[in-house]
Amino acid sequence: TEEILRNTEKLVFAGQIAVGIAHEIRNPLTTVKGMLQLLGKDNCLRHYNLIMSELERMNMIVSEFLILGKPQAVHFRKDRCFPVLQEVLNLFEIQAALNCITVDCVVHADHPIRCDRNQIKQVFMNIVKNAIEALPHAGKIHILLETREGYQRIRFADNGVGMSEEMLQRIGEPFHTTKSEGNGLGMMIVKKIIDAHHGRMDIASEVGKGTIVDIYLPLSED
Ligand code: ADP
Ligand code: MG
């Protein structure tokens, strides 16, 4: 119990700091992005696309922390996963290409679910990011969308480093990371969001072979 308490305190504290920093960073980031948009249009600024995508990446990191804080306004609506997934894949396109990672996405079915679009985007972002980070020297990410017994399933398969049974057990535990620059918060956020959507997640993984993350989200009833 003492350890749980300590971890909870740690989490609350880190969350407060992270949210504080994230808020401070977001405003100047928005300004720079706006200015750059003007510059890019008027002066054909070189490397415009790269700067924009790097800024977008910073934005993503900030968003990851913001979600830890007080719950943001949540809007559950009828939406489909594929368009959200496409946005996420666009964000990671450069990073994937730089690491010689091919990403393919097969859509067997993409039925509407009741969801908060931003939160679902956050889920996809964290999972795709982990898949990319599991592939330090080239590799493949397969994404598959289909429906299963009242659920939309989104499968993310990578042929990366994989996880041991012990690591798999601890996934989603705050601050549990195997990366030097990781924070061990991504999968905790993913779990939180999936729970809020009454969905579930299955992960299968083997060291040296790869990982399959299956997300199940209930189909919209109307
Ligand atoms: P972080 O990415 O900051 O380490 P996460 O919560 O996103 O934190 O992930 C926790 C840990 O789970 C990672 O450090 C990694 O060891 C493991 N993990 C998650 N996804 C994968 C994956 N696709 N392949 C291998 N390991 C993974
Ligand atoms: Mg992560």
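Data overview
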read-out: The range 83-220: Cα Rg divided by the 2.2 N^0.38 Å rule of thumb; value: 0.99
read-out: For L219, distant residues with modelled amide H under 5 Å away; value: Y151, Q152
read-out: Antiparallel content of DSSP bridges confined to the range 105-193, in %, to 5; value: 75 percent
read-out: Integer Hz, Karplus 6.51/-1.76/1.60 couplings in order for the range 164-177, x for Gly and Pro; value: 6, 4, 5, 5, 4, 4, 8, 5, x, 6, x, 6, 8, 9
read-out: Sequence of M35, M125, M201, M52 once ranked by neighbouring C-beta atoms within 10 Å, starting from the fewest; value: M35, M52, M201, M125
read-out: For D104, D222, order by how many other beta-carbon atoms lie within 10 Å, fewest first; value: D222, D104
read-out: Span-like helix ranges in the chain, DSSP H, alpha carbon extent 30 angstrom or more, Kyte mean at least -1.0; value: 2-43
read-out: Sequence-separation-based contact order of the chain, relative, with Cα cut under 8 Å and 6+ spacing, percent; value: 17 percent
read-out: Interchain or long-range residues, amide H under 5 Å from G172's placed H; value: M187, M188
read-out: Taking F13, F82, F124, F175 and counting other C-beta atoms within 10 Å, the order from fewest to most; value: F13, F175, F82, F124
read-out: Qualifying GluC sites (Glu not before Pro) for the range 123-186 [loop in DSSP, other Cβ within 10 Å: at most 11]; value: E149, E181
read-out: Student exercise, the chain dipole from Lys, Arg, Asp, Glu Cβ charges, in Debye to nearest 20; value: 480 debye
read-out: Helical mean residue ellipticity (222 nm; -39500 (n - 2.57) per DSSP H run of 4+; nearest 500) of the chain; value: -17500 deg cm²/dmol
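Where a number appears in this text, it was derived from the coordinates with a stated rule and is not lab data. Computed from a predicted structure; not experimentally measured. Glycine gets a Cβ as well: all are built from the backbone with ideal geometry, and neighbour counts include every protein chain shown.
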